[in-house]
DNA sequence: ATTACTGCAAATACTTTGCATACCG
DNA sequence: CGGTATGCAAAGTATTTGCAGTAAT
């Protein structure tokens, strides 16, 4: 299974959702699928602009907004200042370390409600904050 | 029980936590205790500057940062762009309506963990997003 | 007198917008 | 050709910082 094949799969993935599979969009999608570190726009930009020097942050913002609207990614607001993006898999909770700043997945069941107290629920986010395993060791 | 008495209670509340009870701090604390609408810096500023024309946003930022560090308020990042502040009572979940923008309390039990997967947990936030009861009616 | 609180203005950081250019069917 | 994607620069918005003036102990 070469690079061609996997890129074709990504192309198909986007087309199935009515999105034109441009080069940049494919690369951003690939990055999100292979880096489950809840990257920010900044970190995606830093990583991809090495290989794609012409890539702009505007394109990343545009692409992520498009992906959000199609449900391809989730936006995490666990960070006070900047948005983080998570490729959409099964619902799971997130843990943010206040020391090293990383955001980690934790397997903790989310209450999956259709409605609560008369309000229609569309998204559920469970955020934990504290000190991660690695930082505790120091 | 007059206004004097309740202000004295607030003064006592701050002193007990090692905070000098300045006039501005008392007013901001009073606002947070009586307005459980998860206000932003902007909305606190708009509300209080009517009575206190000299009040600046910097002071509100300073005061909220101080209150956060003392555990008097919680910072909610349910909003993508701006921080909301919640007077610290028992843990509870929050619901944000994507139509009207309000953030409401909902009574839903939070998983209160001391640690998970080796990480030390210090804060837990459960955020729901959707369409509120009132907006559904329209 | 010393320390701490306040507030203006400037700086910073993230995100959005306007518009011209480039790409693609 | 015509519509869309891209990217630069500017604008917008939330927050922080530097610093000077003011109040409090």
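The values are calculated or read from the model by the stated rules, or taken from the named source; none is laboratory data. Everything quoted here is computed from the prediction, not taken from an experiment. Virtual Cβ from ideal backbone geometry, glycine too; neighbours counted across all protein chains shown.
At a glance:
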item	result
Residue check for residue B:26: within 15 Å of DNA strand D (Cβ to nearest atom), more than 14 Å from chain A (Cβ to nearest Cβ), outside any loop (DSSP other than H, G, I, E, B) and under 16 Å from the mean Cα position of the chain (by Cα)	yes
Residue satisfying all of: in region A:69-97; modelled with pLDDT under 95 and facing chain B (nearest Cβ under 10 Å); nearest to residue B:76 (Cα to Cα) among these	A:80
Single condition residue B:98 does not satisfy, out of (1) within 15 Å of DNA strand C (Cβ to nearest atom); (2) farther than 30 Å from residue A:110 by Cα	(2)
Leading residue by the ranking (farthest from the chain's Cα centre (by Cα)) among those in region A:104-138 that are closer than 25 Å to residue B:97 by Cα and more than 7 Å from every other protein chain (Cβ to nearest Cβ)	A:115
Residues satisfying the stated conditions in region A:70-85, i.e. closer than 21 Å to residue A:19 by Cβ and part of a loop (DSSP other than H, G, I, E, B)	A:70, A:71, A:72, A:83
Which listed residue is in a loop (DSSP other than H, G, I, E, B), over 16 Å from residue B:103 (Cα atoms) and within 12 Å of DNA strand D (Cβ to nearest atom), from B:39, B:53, B:21	B:21
Residue list for region A:94-109, restricted to those being outside any loop (DSSP other than H, G, I, E, B) and without any contact (Cβ under 8 Å) to a residue 60 or more places away in the chain	A:94, A:95, A:96, A:97, A:104, A:106
Filter result (touching a strand residue (DSSP E or B) at 6+ places or on another chain (Cβ under 9 Å) and within 9 Å of DNA strand C (Cβ to nearest atom)) within region A:50-67	A:64
The lone exception for residue B:45 - which of (1) within 14 Å of chain A (Cβ to nearest Cβ); (2) surrounded by 15 or more Cβ atoms within 10 Å (Cβ to Cβ); (3) within 13 Å of DNA strand C (Cβ to nearest atom) it fails	(1)
Meets criteria (within 9 Å of chain A (Cβ to nearest Cβ) and within 15 Å of DNA strand D (Cβ to nearest atom)) for residue B:101	no
Hey, residue A:88 touching a strand residue (DSSP E or B) at 6+ places or on another chain (Cβ under 9 Å) and free of Cβ contacts under 8 Å to residues at least 60 places away in the same chain or not	yes
Test for residue B:5: is it within 12 Å of DNA strand C (Cβ to nearest atom), assigned to a helix (DSSP H, G or I) and away from every other protein chain (no Cβ under 14 Å)	no
Test: residue A:62 is free of Cβ contacts under 8 Å to residues at least 40 places away in the same chain, within 11 Å of DNA strand D (Cβ to nearest atom) and within 14 Å of another protein chain (Cβ to nearest Cβ)	no
